1. Considering segment 330-363 alone, what residues qualify as being without any contact (Cβ under 8 Å) to a residue 40 or more places away in the chain and in contact with a Pro (Cβ under 8 Å, 6 or more places away or on another chain)?
2. Which ones in segment 14-35 are part of a helix (DSSP H, G or I), over 20 Å from Ala116 (Cβ atoms) and among the small types (Gly, Ala, Ser)?
3. Out of (1) crowded, with 17+ Cβ neighbours inside 10 Å; (2) under 23 Å from Arg311 (Cα atoms); (3) modelled with pLDDT under 85, what's the single condition that is false for Glu198?
4. Between a residue in segment 116-136 that is at positive phi and in a loop (DSSP other than H, G, I, E, B) and any residue that is open to solvent by 30 Å² or more (accessible area, probe 1.4 Å) and modelled with pLDDT of 55 or more, which pairs come within a Cβ distance under 7 Å, given they are 6 or more apart or on different chains?
5. What are the residues in segment 153-188 that are open to solvent by 10 Å² or more (accessible area, probe 1.4 Å) and of a type in the set (Gly, Ala, Ser), if any?
6. Output the residues belonging to segment 201-217 that are open to solvent by 80 Å² or more (accessible area, probe 1.4 Å) and modelled with pLDDT of 90 or more.
7. What is the residue count in segment 257-291 for residues that are in a helix (DSSP H, G or I) and modelled with pLDDT of 90 or more?
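The values are calculated or read from the model by the stated rules, or taken from the named source; none is laboratory data. Here the structure is a predicted model, which means the values were calculated and not measured. Here the Cβ positions follow ideal geometry from the backbone for every residue, glycine too, while neighbour counts run over all protein chains shown. These accessible areas exclude ligands, DNA and RNA; they are computed on the full protein's heavy atoms, side chains included. Shrake-Rupley method; radii C 1.70, N 1.55, O 1.52, S 1.80 Å.
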Amino acid sequence: MTQTLIVGGLRASGSGYPNAEQTLRLLQAHDVVRIRDLGRVLPPQLHLWTLRHLSPPKKLRALVGLGAGNLLSLVRVLCAVRGRNIPVYVPYPSVFFMWLASWLPRRVRPYCIVDAYISIWDSMFRDRDRTGGGSAASLWIRRFEARALRAASMVLVDTEANRLAMIDDFALQPNQVRSLPLAIDEAPFLAVPSGVHERGEPLRVLFVGTLIPLHGVPTILAAIHRLLNDDRQSCRFHFRFIGDGQLGPALNDFIAEHGSGRVSWVRQWQSLEAVATEVADADICLGIFGGDGKAARVLPFKLYMYFAAGRAVISQGKMSLPNGAPPPPLVAIDTADGIELSRALTSLADDSRHRYSLAQQARAYFTEHLAAARVISAWRLILLRD
């Protein structure tokens, strides 16, 4: 008989947060569990890290809505479980549901498996707060998140480095935290023909992302600047950006200064199918170049897309991976001044065989280490509660 998995809490949705919806779809499609959804999907446009920038009335309304919605879900979950040994999956952002659950005695608290692959405290303060996360609000949010996660039976993250950071930041037990690949809608990307044969210049270089500091946009712009000012290289590339975010003004100023002939920008976030089309049209895809810290702890969603589509990738060498995944096939760079990135782009432009080989290896790597089969396998072990 198929095991039941209850879903609780208010969960993020949309193309920027695919993990929960895709995880549930995979588990149900492959008869791993029978889903009983007692949660609710949040609007796709809601990003928690933006709450700190809202006016006090709007922030209060948003927080009250999150609290009330999660409280209602918790009551429904408790009524459904009624002391039985039924696991509860709490997708990101799980901390609101789990903070409420943390006040329950352990004997009545459900066995909760929670998504925490993006720390709210980390995203709101360590990523974006110029005080370095030392403000009163930062300390309060950190305590809030720590209490919530410590109430979970199991905490899921996306890489081993994030696993260690969660243990350290929130005093979690090591056996309480596991890393596994993110679940993505891989079909549109696997449908892209793997590898790009020689099709002339300019080569299309694609960056997809939210333009936050950890993505290393200044490094990318510095590399483009060098190439555009090199008479031998200036006509060999067309650079395309998809997405917007904190460093959007810097990109806008760069395009205004250098013209849009070799750099184009689609600011609005695109549908998954549109992003897959953009990746299919690319010869080289750019990852992140943010250096140490969070940038070195993640395997960005965009790299999953690039690998699944079978594209040559350049990204920083400092990265982390899900448990058991080996280093991916890509061109790794280590400096943030743009010189090494410009050289890597020139090298791939000069060597179409290497580009094609990297693209073929990328598709194979995704299939072996990051695809749906790995997510399903990891969840089967999670549900054994070993």
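1. Gln361
2. Ala29
3. (1)
4. Qualifying pairs under 7 Å: Gly133/Arg126.
5. Ser153, Ala161, Ala165, Ala171, Ser179, Ala187
6. Residue satisfying the conditions is Arg204 alone.
7. Within segment 257-291, residues that are in a helix (DSSP H, G or I) and modelled with pLDDT of 90 or more number 8.
Quick grid of which residues meet (1) in contact with a helix residue (DSSP H, G or I) (Cβ under 8 Å, 6 or more places away or on another chain); (2) open to solvent by 60 Å² or more (accessible area, probe 1.4 Å); (3) assigned to a loop (DSSP other than H, G, I, E, B); (4) more than 18 Å from Ile284 (Cβ to Cβ):
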| position | (1), (2), (3), (4) |
| --- | --- |
| Leu321 | yes, no, yes, yes |
| Pro328 | yes, no, yes, no |
| Asp337 | yes, yes, yes, yes |
| Leu345 | yes, no, no, no |
| Tyr356 | no, yes, no, no |
